[in-house]
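The values are calculated or read from the model by the stated rules, or taken from the named source; none is laboratory data. These numbers were taken from a predicted model, which means no experiment stands behind them. Here the Cβ is made from the backbone with ideal geometry for all residues, glycine too, and neighbour counts use every protein chain on show. Side chains included, ligands, DNA and RNA excluded: accessible areas come from the protein's heavy atoms. Shrake-Rupley method; radii C 1.70, N 1.55, O 1.52, S 1.80 Å.
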Amino acid sequence: MDVQQIKNFLILSDTLNFRKAAEQINIVQPALSRQIQLLELEMGAMLFNRTNRTVTLTEAGLFFQKEADRILQDLDKTIIRTAQVHNGEAGEVRITHASSAMNTVVPAFLVKVKHKWPELKTIAQETSNFEQIEMLLARRSDIGVAPNIMLPPEVSSKILYRENFVLILPADHALSNHKNIPDLSVLKNENFILPQLSTGVGYVEAILQICQGFGFMPKVAHESAHSIGVLRLVEAGLGISIEPVSSVRGANMNVRLIELKNIPQKAAMILFWLTEREKELTRFIEMF
């Protein structure tokens, strides 16, 4: 059975006349009769009642007429949809991101995609650096955005921007009145709130590097993978933290923020994707 056979069946079921149907299809009548016989043989059902004077649909033929019409309509939609997916006009794009990326580059990207391809579904999911890599390798996401992430060799990337880190203190902290803290070694006895080292791949290492540069390792009292959780815990007085400036942008909480302008370490926001999919994803990569 092929699509043309189904189309020919529908023409015959509409005309109920082999001669007229054959003329519409532009084939000879015996060829159409043979097509219908083969179709009935393949389906194991009689589709037409035939007499010398009339042709009518059997009960099975009436059922197949309705279903065949629906199948062809669905096929037409599928063909159109496939072309749209190929041209980036339909389907979906899945992006994973860190909290700070949602405060900067992700919304603008989503707006551009929606404007250029209104039918394209976009899925944005905030998650840890580790989970972003896992999802990308498993093809459960298309592109990722994260700060200071360490990537496996099969993944390509580009840096979107660099920014300063910011020290986050409870509002009533002893250092909260300082405009800057040139020597961070004063924080060596503080309780820190950071993501887990195993999930904040690359990002946590950058923060540890900052602390080590001032001669201490941070004492981690609480772990949170999301910026909003970190800010809430600091606000509650459970510790201090270090985050990229963009992570705390727009935060309306009772905390003190001190930008770390004079340290060499910066938060680098990285866009990444599977190298083998670069050609496929270029149109999205270029929108960042």
Assess whether ILE207 counts as being within 30 Å of LYS279 (Cα to Cα) and at pLDDT 90 or above.
no
For the structure I just gave you, tell me whether LEU120 is over 26 Å from HIS226 (Cα atoms) and in contact (Cβ under 8 Å) with a residue 40 or more places away in the chain.
no
Looking only at the stretch 105-119, and only at residues there that are touching a strand residue (DSSP E or B) at 6+ places or on another chain (Cβ under 7 Å) and under 22 Å from ASN252 (Cα atoms), the one that is least open to solvent (accessible area, probe 1.4 Å):
VAL106
Could you please let me know if HIS178 is assigned to a loop (DSSP other than H, G, I, E, B), crowded, with 17+ Cβ neighbours inside 10 Å and in contact (Cβ under 8 Å) with a residue 12 or more places away in the chain?
no
Check whether at least one residue in the stretch 69-88 is closer than 30 Å to MET269 by Cβ and touching a Phe, Trp or Tyr at 6+ places or on another chain (Cβ under 7 Å), and report yes or no.
yes
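Condition check ((1) loosely packed, with under 13 Cβ neighbours inside 10 Å; (2) under 17 Å from ALA225 (Cβ atoms); (3) in contact (Cβ under 8 Å) with a residue 60 or more places away in the chain) across all residues:
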position	(1), (2), (3)
ASN148	no, yes, yes
VAL155	no, no, yes
VAL166	no, no, yes
VAL186	no, no, no
GLU190	no, no, no
ILE193	no, yes, no
Any residue that is touching a His at 6+ places or on another chain (Cβ under 6 Å), farther than 21 Å from MET269 by Cα and of a type in the set (A, V, I, L, M, F, W, C) - is there at least one of those in the stretch 145-154?
no
Among the listed residues THR122, THR127, identify the single one that is open to solvent by less than 50 Å² (accessible area, probe 1.4 Å), within 25 Å of ARG249 (Cα to Cα) and within 14 Å of the chain's Cα centre (by Cα).
THR127
